[in-house]
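Right, one structure below, let's go through it.
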Amino acid sequence: KLDLGEAEVITIYYRGDAERFELDQVILSIREQHPQLQVELVRGGQPHYHYIVSVE
């Protein structure tokens, strides 16, 4: 579990074959739980991991 108290931006890098519905659900969940955060979604093209998450 992350301490997001001082975080401003969450960037989710997703693999090209990720399901859009699933991505939308993740973004919705983050925004509901942490409305102060800006959520960015980037097609990362990574070959192994479905998602890589960066918190700034």
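Just so you know, all these numbers are worked out from the coordinates, no wet-lab data involved. Just so it is clear, the structure is predicted and the values come from calculations on it, not from any experiment. We place every Cβ from the backbone using ideal geometry, glycine too, and count neighbours over all the protein chains shown.
Key figures
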quantity: Paramagnetic label zone (point 7 Å from Cα along Cα-to-C-beta, HIS48; backbone N under 15 Å) in the range 1-34; calculated: 15
quantity: Gained length - THR11 relative to GLU32, 0.36 nm times residue gap less alpha-carbon distance; calculated: 6.0 nm
quantity: DSSP-defined antiparallel bridges as percent of all bridges, the chain, nearest 5; calculated: 45
quantity: Value of [θ]222 nm, deg cm²/dmol, for the chain, DSSP H segments ≥ 4, -39500 (n - 2.57) each, nearest 500; calculated: -8000 deg cm²/dmol
quantity: Loop sites in the chain: chymotrypsin sites (Phe, Trp or Tyr not before Pro), DSSP, at most 16 other Cβ within 10 Å; calculated: TYR49
quantity: Loop sites in the range 1-54: GluC sites (Glu not before Pro), DSSP, at most 16 other Cβ within 10 Å; calculated: GLU6, GLU8, GLU19
